Amino acid sequence: MSQQPIEIDDQEAPRSDDEGETTEEAPPRMSSEPEHHSGSEESKTSTRSLSGSFLEEHFENGRRYCNEIYYMPNDEPEQIRLAIVHQAYLPVLDGQLTLARVPSSTRRILDVGTGTGDWAMAMAERFNNAEIIATDITSVFQPGSGPPNVEFELDDAEEEWTYNDLFNFIHLRDMSGAFADWNFIYAEVYKHLTIGGSVEIADHGMIQLKNEPPNSYVKAYNGALQSAAEKAGRPIGLEHLERLMIERAGLHFSRSRTFEVPLGTYPTDPVRKVAGKMAMIAALEGLEAVSLRLLTRHLAWKEEDVRNLCAKVQEEVMNPDARAFIPLQIVVYRKMMWTLPS
């Protein structure tokens with residue numbers, strides 16, 4: 001039996017009504033009768049009408065952004081990086097798409113902040129009897145290019161969610177720094193989950209060096225990012241994955257795992273080496289994407305100063321003796337019948 005790679009922490013709640021639950025790797029359950037969803041075709045998706053601001057493009061420092069607020073670009077280099085990030089997750093999760101136990105009977109899945117939609121399309125192929133709704137505030141995904149059971153929508157998760165039908169599974173990945181109020185996000189997740197449904201939130205921390213040199217550029221980079229994000233009112237990090245915050249919304253802890261994802265091919269284990277190679281590419285490509293808008297807008301840095309710092313961080317990270325890594329945390333919570341939000 002293969003083991004989870006790069007895992008440094010594993011917490012799991014005792015099994016209760018999960019016993020016997022079929023995971024995502026099992027073949028979808030077949031039936032002679034098709035399962036019908038409640039409501040009309042319109043009721044399956046969000047009822048919100050989008051404003052023109054969703055369709056605007058903003059250019060700063062040679063990068064394209066979807067609006068005046070979100071710090072990550074949505075141009076072609078970022079789309080390529082997001083595709084690499086998706087591939088980097090696969091060896092970390094031992095080829096799985098989620099840490100959660102997703103029953104084969106699942107019929108509605110929501111992917112919040114889908115980006116290029118790679119995860120949503122992969123889930124749609126594995127759960128071909130399920131309806132996958134994939135949302136984002138920017139239209140970098142390709143509507144109509146994926147499986148027929150995945151639907152892409154422009155939507156802002158920071159506004160009230162208006163889905164008329166509940167979801168069996170909700171997925172959020174790499175959304176650190178995206179939201180000003182995670183309590184609101186978790187409250188909306190709770191409202192839109194079925195009883196027994198699950199939510200998975202996956203996020204990574206800052207780049208770390210096991211052998212950090214004095215006056216490390218990585219340390220300076222991380223400190224500048226955190227300061228700028230605080231000024232922006234959308235902190236980056238892993239604080240939004242704290243158990244108390246999520247349980248306050250009424251959700252019940254299920255599973256939590258923390259990984260050290262290596263940056264580079266220095267691990268001897270072949271699985272870790274593959275994960276490290278993909279993660280290194282994504283991390284190096286992301287240095288500028290993460291920092292340009294934050295540092296120039298909120299700390300008044302010059303564009304060339306940001307790029308110079310990114311180049312120095314890249315040199316440190318690429319040094320195999322530094323043993324660079326990124327902490328990755330994935331948590332799974334469920335909506336239980338007896339749990340009410342406080």
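None of the figures in this text is laboratory data; all of them are computed from the coordinates on show. On a predicted model such as this, the values are computed, not experimentally measured, just so you know. All Cβ positions, glycine included, derive from the backbone under ideal geometry; neighbour counts span all protein chains shown.
What to note about this one:
- Cβ-based exposure ranking for F169, F59, in which fewest neighbours within 10 Å come first: F59, F169
- Normalised by the number of residues in the range 53-171, the mean separation of alpha-carbon contacts (under 8 Å, six or more apart) gives a relative contact order of 23 percent.
- Taking Lys and Arg as +1 and Asp and Glu as -1, the other residues whose beta-carbon sits under 13 Å from that of L225 total +3.
- Using a cut-off of 31 Å between Cα atoms, the listed pairs K219/K277; K231/K312; K273/K302; K219/K335 include K273/K302; K219/K335 as exceeding that distance.
- For M280, net neighbour charge (Lys/Arg +1, Asp/Glu -1) across residues whose Cβ lies under 14 Å away: +1
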